[in-house]
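Please read the structure below before turning to the comments.
The values are calculated or read from the model by the stated rules, or taken from the named source; none is laboratory data. Keep in mind the model is a prediction, meaning the values are calculated, not measured. Positions of Cβ are backbone-derived with ideal geometry, glycine not excepted, and every protein chain shown enters the neighbour counts. These accessible areas exclude ligands, DNA and RNA; they are computed on the full protein's heavy atoms, side chains included. Shrake-Rupley method; radii C 1.70, N 1.55, O 1.52, S 1.80 Å.
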Amino acid sequence: MTSTTPSTGTDASPSPSTTLNGGLRPGSGQALRPHAEQTYAAELEALAKADDRPRPPGWKLSPWAVTQYLLGTTLDDGTEITPKYIGSRRVVEVAVATLATDRALLLIGVPGTAKTWLSEHLAAAVAGDSTLLVQGTAGTSEEAVRYGWNYARLLAEGPSEQALVPSPVMTAMARGSIGRIEELTRMPSDVQDGLITVLSEKSLPVAELGIEVQAQRGFNIIATANDRDRGVNDLSSALRRRFNTVVLPVPDSAEDEVRIVTQRVEQLGRALDLPEVPTSLTEIQRVVTVFRELRSGATEDDGTKLKSPSGTLSTAEAISVITNGIALAAHFGDGTLRPADVAAGIQGAVVQDRVSDGVVWREYLETVARGRDGWTEFYQACREVGA
């Protein structure tokens with residue numbers, strides 16, 4: 001076999017001058033959610049200039065600089081690198097070090113533990129491109145992780161490189177970049193196992209053309225999986241051996257979780273151009289407290305036992321509750337985030353099952369919120385929503 005770089009791997013991507021969606025230009029700043037390498041381009045550039053440590057082949061930054069990008073720091077020239085991940089430094093170091101080896105990285109944890117967020121920022125810092133993404137679902141086909149065909153050209157011309165449609169994984173191999181796979185365990189087992197040759201041999205045969213695509217230096221895979229999905233399509237032992245698994249925990253402390261929520265809410269507010277609403281630390285702390293207590297099944301102050309709802313009540317859901325509350329306060333309130341603005345969002349997050357979760361939520365309100373100092377307005381707002 002011979003090695004080739006599929007020509008469609010780069011031709012399929014629009015150039016910066018290509019106009020889409022009525023004339024909007026990619027990267028023009030009008031995207032609803034720019035990619036990490038776009039949003040934090042200035043930080044990545046500053047880190048690259050200051051980074052004098054050894055870089056693995058194909059990496060834009062050294063492992064040390066990637067870690068600094070993720071955890072935040074202040075450079076010698078005064079440039080502030082904002083933290084992208086608030087949590088254990090060792091967890092980040094293990095994840096970064098894995099990508100410098102020949103093993104792929106599997107980020108696993110309960111929903112809302114920033115698996116996708118960390119995956120995106122790792123790819124942005126290591127390869128400068130976080131867009132080579134496969135979304136795993138029950139309907140994901142083998143073509144999504146290997147290659148497909150432009151059937152019009154295939155019928156007209158027969159098998160050819162021009163008719164080949166590379167997957168994001170194949171494109172990452174050809175470019176020496178990072179490929180991302182979301183929700184790996186949701187993909188059918190036979191599709192998962194299509195990655196074994198890619199990860200072990202670092203090549204992808206194209207039998208129809210008698211060629212293979214060999215991975216260039218810098219190539220690797222970052223996959224995510226949900227703890228709650230165990231048993232859906234568990235990884236085969238052969239595939240699991242090709243991954244180094246890093247478990248992302250829920251935030252260790254309420255203070256860390258409050259920091260995460262506060263930071264992300266501010267970022268989302270700017271990205272969505274929400275009207276200016278002073279961030280209420282009191283309401284953020286309240287939402288985080290409710291979620292942490294219901295998650296753990298006990299109050300944080302006196303250890304009173306509580307029932308836990310069926311949902312995960314993740315940090316991501318807390319961010320959503322506060323962001324929605326800010327929109328309510330800005331557009332329908334007095335511009336100040338109040339308990340009434342977050343009450344409906346909290347109830348919606350907690351009560352996934354109207355019967356069982358409804359009982360859990362009413363019990364929490366009556367046994368915890370009702371008698372807690374400074375929570376009277378919150379309690380009343382939640383009772384009005386549930387009335």
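Would a scan of segment 52-70 turn up a residue that is among the hydroxyl-bearing types (S, T, Y), surrounded by 20 or more Cβ atoms within 10 Å (Cβ to Cβ), assigned to a loop (DSSP other than H, G, I, E, B) and in contact with a strand residue (DSSP E or B) (Cβ under 8 Å, 6 or more places away or on another chain)?
Checking segment 52-70: not a single residue is among the hydroxyl-bearing types (S, T, Y), surrounded by 20 or more Cβ atoms within 10 Å (Cβ to Cβ), assigned to a loop (DSSP other than H, G, I, E, B) and in contact with a strand residue (DSSP E or B) (Cβ under 8 Å, 6 or more places away or on another chain).
For segment 133-172, enumerate the residues that are open to solvent by less than 20 Å² (accessible area, probe 1.4 Å) and assigned to a helix (DSSP H, G or I).
A163, V169, M170, T171, A172
Among (1) assigned to a loop (DSSP other than H, G, I, E, B); (2) at pLDDT below 90, which single condition is E266 missing?
E266 satisfies every listed condition except (1).
What number of residues within segment 317-351 are open to solvent by 40 Å² or more (accessible area, probe 1.4 Å) and under 18 Å from S296 (Cβ atoms)?
Restricting attention to segment 317-351, the residues satisfying the condition of being open to solvent by 40 Å² or more (accessible area, probe 1.4 Å) are 317, 320, 324, 328, 331-334, 336, 338, 340, 344, 347-348.
With the extra rule that they be under 18 Å from S296 (Cβ atoms), the set shrinks to 317.
Within segment 317-351, residues that are open to solvent by 40 Å² or more (accessible area, probe 1.4 Å) and under 18 Å from S296 (Cβ atoms) number 1.
Between a first residue in segment 250-277 that is farther than 13 Å from N324 by Cα and a second residue that is open to solvent by 40 Å² or more (accessible area, probe 1.4 Å) and assigned to a helix (DSSP H, G or I), which pairs have beta carbons less than 7 Å apart while being 6 or more apart in sequence or on different chains?
V258/Q285
Would you mind telling me which numbered condition in (1) open to solvent by 10 Å² or more (accessible area, probe 1.4 Å); (2) at pLDDT 95 or above; (3) under 20 Å from G297 (Cα atoms) R354 fails?
(2)
Quick one: in segment 18-40, of everything that is in contact with a helix residue (DSSP H, G or I) (Cβ under 9 Å, 6 or more places away or on another chain) and among the aliphatic types (A, V, I, L, M), which residue is modelled with the highest pLDDT?
Among those residues, the one meeting the criterion is A36.
Looking at segment 173-197, which of its residues are open to solvent by 20 Å² or more (accessible area, probe 1.4 Å) and not in a helix (DSSP H, G or I)?
E183, P188, D193
Can you run down the residue pairs with Cβ atoms below 8 Å, 6 or more apart or on separate chains, where the first is in segment 140-165 and of a type in the set (A, V, I, L, M) and the partner is open to solvent by 40 Å² or more (accessible area, probe 1.4 Å) and assigned to a loop (DSSP other than H, G, I, E, B)?
A163/N150; L164/N150; L164/L209; V165/A12; V165/N150
Could you tell me whether any residue of segment 327-345 is under 11 Å from F291 (Cα atoms) and part of a helix (DSSP H, G or I)?
Of the residues in segment 327-345, the ones under 11 Å from F291 (Cα atoms) are none.
Among the residues of segment 327-345, not one is under 11 Å from F291 (Cα atoms) and part of a helix (DSSP H, G or I), which makes the answer no.
For segment 269-280, what are the residues that are under 17 Å from G345 (Cα atoms) and open to solvent by 50 Å² or more (accessible area, probe 1.4 Å)?
Once the filter is applied, which keeps residues that are under 17 Å from G345 (Cα atoms) and open to solvent by 50 Å² or more (accessible area, probe 1.4 Å), segment 269-280 yields only T279.
For the condition hydroxyl-bearing (S, T, Y) and under 21 Å from T101 (Cβ atoms), what is the one hit in T197, T171, T185? Steps first, please.
Working: T171 fails: under 21 Å from T101 (Cβ atoms); T185 fails: under 21 Å from T101 (Cβ atoms).
Exactly one residue qualifies, and that residue is T197.
List the number of the failed condition for Y364; all other conditions in (1) open to solvent by 40 Å² or more (accessible area, probe 1.4 Å); (2) among the aromatic types (F, W, Y); (3) in contact (Cβ under 8 Å) with a residue 40 or more places away in the chain hold.
For Y364, the failing item is (1).
When you scan segment 203-240, how many residues do you find that are open to solvent by 50 Å² or more (accessible area, probe 1.4 Å), closer than 30 Å to S160 by Cα and either at pLDDT below 95 or not charged (D, E, K, R) (or both)?
Of the residues in that region, 4 qualify.
Quick test of your reading of the structure: L294 fulfils all but one of (1) under 21 Å from E366 (Cα atoms); (2) without any contact (Cβ under 8 Å) to a residue 40 or more places away in the chain; (3) buried (at least 18 other Cβ atoms within 10 Å of the Cβ). Name the failing condition by number.
Result: L294 fails condition (2) only.
Would segment 99-120 turn up any residue that is out of contact with any helix residue (DSSP H, G or I) (no Cβ under 8 Å at 6 or more places or on another chain), open to solvent by less than 30 Å² (accessible area, probe 1.4 Å), under 30 Å from F291 (Cβ atoms) and not acidic (D, E)?
There is at least one residue in segment 99-120 that is out of contact with any helix residue (DSSP H, G or I) (no Cβ under 8 Å at 6 or more places or on another chain), open to solvent by less than 30 Å² (accessible area, probe 1.4 Å), under 30 Å from F291 (Cβ atoms) and not acidic (D, E).
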